[in-house]
Amino acid sequence: SQDGNDTAQEQGLDLEPPVRMEEEKEVMEEMEVEERVVEIEHPLPCLSESDTQGIIKGRDLFGYVGIEAVLDQMRRKTMKAGFEFNIMVVGQSGLGKSTLVNTLFKSKVSRKSCTPNYEEQISKTVHLQSVSHIIEEKGVKMKLTVIDTPGFGDQINNENCWEPIVQYVNEQYEKYLKEELNVNRKKRIPDSRVHGCVYFLPATGHWLRPIDVEFMRRLGKIVSIVPVIAKADTLTLEERLEFKQRIRQDLQANGIRVYPQKEYDEDAEDRILNDKIRENIPFAVVGTDKEHQVNGNKVLGRKTKWGIIEVENVAHCEFAHLRDLLIRSHLQDLKDVTHNIHYETYRVKRLNESNANGLAYELVQNI
């Protein structure tokens, strides 16, 4: 009413007439229509109502964003910090473990090569020894740790000779777990976990020995095992092929898991690559740290009366396949499997044990 408006104006209230409100509403609607037209003229890549996740590719972008530069950032950070790789070699004395490790990294990295005045002695018990090196190649730094197991399988009675090795692997998991559980954690936790174990089989040409079966069955559950036939040049090609087939049959019959396992293949591409690797396991290898002249070229090889066995020639042995697996194609995957599978299994087990012990302690206190 007129009296009500007068009263409102007297109180300082500004009431808009209904006509003006309608005009402003129409103006706002026209602006919204113009905005929608602009959006239609320049559509941005977006998700439809039915999509929960969309893929925007380069052709859908208006210009260069620079997302791919994150790869260069990761590369620079990794090259500055470097990375760690820990490899364990297990087998009887005299199978060429130290020589093969030196051949893999083309340097003196084995325990024998680094120990001054080293004398070959058969250990009465299995005790593990590790040697660490910083290797740099084309600006990439890697801290390599080689864990040797002198005394394994060298005794008359080799019962439970794998226990010190199992204990060592679990101790490294425990050390890493304690660092993770600290209140003030380090920015980068030192990684001493065993990323891969190369198990040396003697070139007998027969079946796996009981000690081989028992070791790989137990260790295969806590670490990635890569079996190799040591000093394969002592076998003919026919003997080598038959021996490899027998070993694969033994591995399958005893439920032994060796790297790479089928259940860890992430996609079809990995499955195709790993299937080729699994067809060659165990690798028949020859190691040496001496170079010889062959057709005017220097090659790593073992010189015999009838010729030179070229270590890196796949027609002579499968050392190149082993090197590619451990270093060139699957090194990061070995580390990922160690962290995401083996270490994670250990961590869950230990935390469950801790929770169970804590619950038992509380029950005792309540009683």
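What ranking of S113, S354 emerges when the number of other C-beta atoms within 10 Å of each C-beta is taken as an exposure proxy, fewest first? Each step should come with its number before you reach the end.
Working: S113 16, S354 11.
With the sparsest Cβ surroundings first, the list reads S354, S113.
Can you give the Rg to Rh ratio for the stretch 277-320, taking only C-alpha atoms and Rh from Kirkwood?
Here Rg/Rh amounts to 1.02.
Using the alpha carbon gyration tensor of the stretch 84-353, what are the three equivalent-ellipsoid semi-axes (square root of 5 times each eigenvalue), largest first, in whole Å?
Gyration-tensor ellipsoid for the stretch 84-353: 29, 22, 21 Å.
With a 10 Å Cβ neighbour count serving as the proxy for reagent exposure, in which order, fewest first, do S329, S224, S110 appear?
Fewest-to-most Cβ neighbours within 10 Å comes out as S329, S110, S224.
In what order do V286, V65 fall by count of nearby beta-carbon atoms within 10 Å, going from fewest to most?
Ordered from fewest to most neighbouring Cβ atoms within 10 Å, V286, V65 come out as V65, V286.
Counting only other residues whose beta carbon sits under 11 Å from that of K335, what net charge do I get with K and R as +1, D and E as -1?
That sum, taken over residues with Cβ under 11 Å, equals -3.
Mind giving me the nanometre distance, one decimal, between the label points for L273 and I56, set 7 Å out from Cα along Cα→Cβ?
Roughly 3.0 nm, to one decimal.
Rounded to the nearest 0.05, what FRET efficiency is calculated for N184 and R248 with R0 set to 45 Å and r the Cβ-Cβ distance? Working shown, then result.
Values: r = 49 Å, r/R0 = 1.08.
For N184 and R248, the calculated efficiency is 0.40.
Each reported figure results from applying straightforward, stated rules to the coordinates on display, with no laboratory input. Keep in mind it's a predicted model, so treat the numbers as computed, not measured. Because the Cβ atoms are built from the backbone with ideal geometry, glycine has one as well, and the counts that use them run over all protein chains shown.
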